[in-house]
Amino acid sequence: MKKEGSKNEHLPETSRRRDEDLLPSGGDPHLAGGNGRRESFALNIVENPLKRRSEEEAVREALGFAEAHGMPEHAELFGKAALVARDPERFEMVSALDDDERSALMYERDHKWHGPFMLWYSISLCAIGAATQGWDQTGANGANLSFPEEFGLTGEGRNEWIVGLINSIIFLTAGLIGAFIVDPLNHYLGRRGEIFLTAACLTATPIGSACAQSWQGLFAARFVMGIGIGAKNATVPIYSAEMAPARTRGALVMFWQLWVVAGIFLGFAANVIVKDTGKIAWRLQFGSAFIPSFLLLIGIFFCPESPRWLMKHDRHAEGFQSMLRLRAHPIIAARDFYYSHVIYEVEKRETGDSGYFSRLWDCFAVARIRRANYGASTVMIAQQMCGINRSKNADHDYENQNPAGDFRPRGARIGPVVLFVYLFTICYSLGEGPVAFQYSAEVFPTIQREQGMAWAVCINNTFAGILGLTFPRMKTVMTSTGAFGFYAGLNLIAWVMIFCFVRETKQLTLEELDRKPLVLDGRFKTIAKLGYGAGSTVWLAENIAFSAHTSVPRYVAVKIAALDISAAWETRISRIIAKADPSHEGRDFNRTHIDEFRLTGENGSHSCLVFIPMRETLFQLQHRLRGQKIAPPLVKFFMFCLLEAVDYLHTKCRLIHTDIKDDNIMVTLENDAVLKNFVKRQKKSAQPRHIRTEDGRETYLSQGDFGPLQGSRLLPQLADFNLAFPGLADGYFHLAAIQSHRFRAPEVILGCPWSYSVDIWNLGLLMWNLMENVSLFDRPAGDDGEYDAHVHLAQMVSLLGEPDEELIKRERFFRNYRLGKPIVNPRGKECNSMNEFWGGPFFNDENNILRADLVRRSKLADTITQVAGDEKDVFLDFASGMLQWLPEKRKTAGELLQHPIFNSLRERRDRWRE
């Protein structure tokens, strides 16, 4: 016999995925960077750091985290939390959870407003702090009616500028000074300590303003007040956002803006209450603003410190105790805290020991943070461009123009003016009012949050100060009509800016904010990442060039390959399958691409294949059924379709798949409505989620769950042909490491030649997976947890009996059949034969298996529970045609299709043809 070389002659073993896809031990150099982790290969897309680990690794690291940070009593809890955080949408699959923990997670999912008292108290108390700003602003509005007269600042020109400066100085110092002392104050005092200090400042300065004896003294008091406001404004939203769960963060943090409005209301109310007290009225109006800040000063001591701040300062045990007070159940607290720790560690590795100004510069230099900065700066400046603060300043114009307080300076036009002021304020309170500070607090990553928020507050307050400074003079020069017309024009500009620069953050965690949707090849706009494999990512995309006359449908799945050599081979194979014989029954049960293109980016050029979207793999379908076994009629139908697919591959395409397993078989969507509803859900939320990871890359999490099954009209398709081999003529054979561990055929393990029949062996094992929801040869691993061919062979002997003598003879012959060049096996040994590669020899001189001690005798028939009697006999007879030791004893796909087990299906098909 002659040996035929091929492209994948010695694919080594897998590392840690399920059984797993073939990868070089230690990583493929094309997929790994210098640190040993897989590079982001397609558009900087990688996966969730926790998903990069196996369940065992995730638990082990979580246990180590608890031990290392003084929380050994919570080690088991963090182990469970790591599994939940690894796939939070499918926590019900985590078997380690007890009933109480699973119920708590389900209750949280179904009742998003559920939370402990301390969470609500802390958020509400922070919101009270916001009232100080509103009260300060409206207090100044009322005081503007009398303090200029007190200090001789009436008249136009210079005095207008002084009044404007006194009004605006709190915003200027808030933006230019207060915002930038946030980082050191937070670093040394913590979130609570910083809020306490600023609350003390904002309690003292209103009283100081009320006691001022000159406009210079009033200016000095408000100068200091502005510093306190700026520092408070930058910290309180961060503190609120870091405590609130992702599901309700936006709504909870909204209390902050609600109380800004409440402060404005209370400030106006205070103005009215004290307006008739004579010359001291303006002093009382300024001084009354100390009330909310005093409540904040006292109440903040009863709140827990921010868990994320404590974690950032290596006080993890204290941080977890804070998180326990803020979450309804320990498993929820552990999940959120550990997930934040994982992301923060990644961020910390990326930024290293960078200082304050270095991190501030990152807000402009690093793409991810720069995008956040664009959005935050836009909403902050737009809040001032809309003119809300100027409209509040002008609220007293009527009284200025009519000292009698008749409120009819414009006669009949007062009604429309008041109406539109109310409408304007309502719209502001639904949009720019609540969004600006909330958005800015959540959009920056943890490591840059203080610097990013400082810059955003600087933008907001500086522009508020500039506009406050210029408004009195603007009103004189342009008249009130001209001034408000000017702000109307700024609103239009702000609308365009928000449309262009502000990204959605709805219901994403603080660590999972999204980048803009990608448009591939100018045609395919990404909607969601459906999944990833060892060498590719798959995206659902909308064909923006779609029309009734195009051959490509509206929604497609785009597979972006990591390696050109693999992608080129898969593309070639797909073309062969598509064109070999379109009339064959099995053609449509093989998944082939409908379009292709190349994608060029900063990481090079990648081959992209376009497919019709499918629901999920058979493996995912079985998980969806949550341990339920697939009904025998459906198993029979799936096997009939897959045998048609394999028959087409073998007879018409002359190809061997080599990796048939539940991961590589897709099932179709039940109907168009499933896909349309999925797209609608994705477009309502930010697409798709990402977290930051090392090397400046972003992570997109898979969103490939199309929801509950809507009927049973599912058709299987054989997919993933990148490991396919060409079928060879008689007298030639393949010698290569193929197939996933559990599905590996005996001739491959023994280092003997193999051909088409390896696919038949795979189908036989797959049938057991479908019928019984178990693997016939499960976890063939040695004591070290790594794949062991001796264990695998012993499992086969246990169920199938002793191997044929002819196969044993072949094993002996190919022990010494030298490869063209030595190869290294997964255990690092240099091997000259495939038998040696898998750990051979496997038989002794008496033709007995070397590891007979591993054999546990049992009957194959005993593993079948879904069928009985004659039906069971037919099933076993059918299975025996696939699970034979000798490759040539296995039946072909065409022969298996004629088995009596498929009689009813063939009859139905024949009737349909007629």
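The values are calculated or read from the model by the stated rules, or taken from the named source; none is laboratory data. All figures in this text were calculated on a predicted structure; none of them were measured in a lab. Positions of Cβ are generated from backbone atoms using ideal geometry, with glycine treated the same way; all protein chains shown enter the neighbour counts.
Summary table below
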quantity	calculated
Helices (runs of 4 or more DSSP H) enclosed by region 267-337 - at least 3 residues per element that are touching a Phe, Trp or Tyr at 6+ places or on another chain (Cβ under 7 Å)	307-312, 316-326
Yes/no for E895 being assigned by TED's automatic domain parsing to the domain that holds V748, modelled with pLDDT of 95 or more and part of a helix (DSSP H, G or I)	yes
Residue count for region 785-803, restricted to those that are of a type in the set (S, T, Y) and crowded, with 22+ Cβ neighbours inside 10 Å	1
Those residues of region 739-779 which are aliphatic (A, V, I, L, M) and assigned to a helix (DSSP H, G or I), in sequence order	V748, I749, V758, I760, L763, L765, L766, M767, L770, M771
Criterion (modelled with pLDDT under 90, hydrophobic (A, V, I, L, M, F, W, C), in contact with a helix residue (DSSP H, G or I) (Cβ under 8 Å, 6 or more places away or on another chain) and over 25 Å from T425 (Cα atoms)) met by exactly one of F265, F301, F255, F294	F301
Test: E806 is more than 22 Å from R890 (Cα to Cα) and either surrounded by fewer than 19 Cβ atoms within 10 Å (Cβ to Cβ) or not hydroxyl-bearing (S, T, Y) (or both)	no
Qualifying residue in region 819-835 (condition: of a type outside the set (S, T, Y) and either surrounded by 22 or more Cβ atoms within 10 Å (Cβ to Cβ) or not assigned by TED's automatic domain parsing to the domain that holds A737 (or both))	yes
Residue in region 725-784 that is surrounded by the fewest Cβ atoms within 10 Å (Cβ to Cβ), counting only those that are more than 19 Å from M834 (Cβ to Cβ) and of a type in the set (S, T, N, Q)	N773
G70 vs. criteria at pLDDT 85 or above, under 18 Å from E345 (Cα atoms) and part of a loop (DSSP other than H, G, I, E, B)	yes
Every residue from region 572-581 that is crowded, with 19+ Cβ neighbours inside 10 Å and not small (G, A, S)	I573, I577
Condition check for I264: β-branched (V, I, T) and closer than 17 Å to S306 by Cβ	no
Hits in region 79-132 (condition: of a type in the set (S, T, Y), assigned to a helix (DSSP H, G or I) and either within 19 Å of the chain's Cα centre (by Cα) or not assigned by TED's automatic domain parsing to the domain that holds F294 (or both))	S103, Y107
Residue count, region 154-169 (criterion: small (G, A, S), more than 13 Å from I466 (Cβ to Cβ) and touching a residue at least 40 places away in the same chain (Cβ under 8 Å))	0
Residue, farthest from L765 (Cα to Cα), within region 588-641, restricted to residues that are of a type in the set (K, R) and assigned to a helix (DSSP H, G or I)	R624
Selection status of L189, touching an Asp or Glu at 6+ places or on another chain (Cβ under 7 Å) and surrounded by fewer than 22 Cβ atoms within 10 Å (Cβ to Cβ)	no
Any hit, region 160-169, residues being of a type in the set (G, A, S), part of a helix (DSSP H, G or I) and buried (at least 20 other Cβ atoms within 10 Å of the Cβ)	yes
Members of region 561-597 found to be among the basic types (K, R) and touching a residue at least 40 places away in the same chain (Cβ under 8 Å), listed by number	R587, R591
Of the criteria (1) in contact with a strand residue (DSSP E or B) (Cβ under 9 Å, 6 or more places away or on another chain); (2) over 15 Å from W885 (Cα atoms); (3) of a type in the set (A, V, I, L, M, F, W, C), which one F843 fails	(2)
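Yes/no per residue for (1) within 28 Å of W361 (Cβ to Cβ); (2) at pLDDT 80 or above:
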{"site": "F444", "(1), (2)": "yes, no"}
{"site": "R449", "(1), (2)": "yes, no"}
{"site": "A456", "(1), (2)": "yes, yes"}
{"site": "T462", "(1), (2)": "yes, yes"}
{"site": "L469", "(1), (2)": "no, no"}
{"site": "L490", "(1), (2)": "no, yes"}
{"site": "I493", "(1), (2)": "yes, yes"}
{"site": "R515", "(1), (2)": "yes, no"}
{"site": "W539", "(1), (2)": "no, yes"}
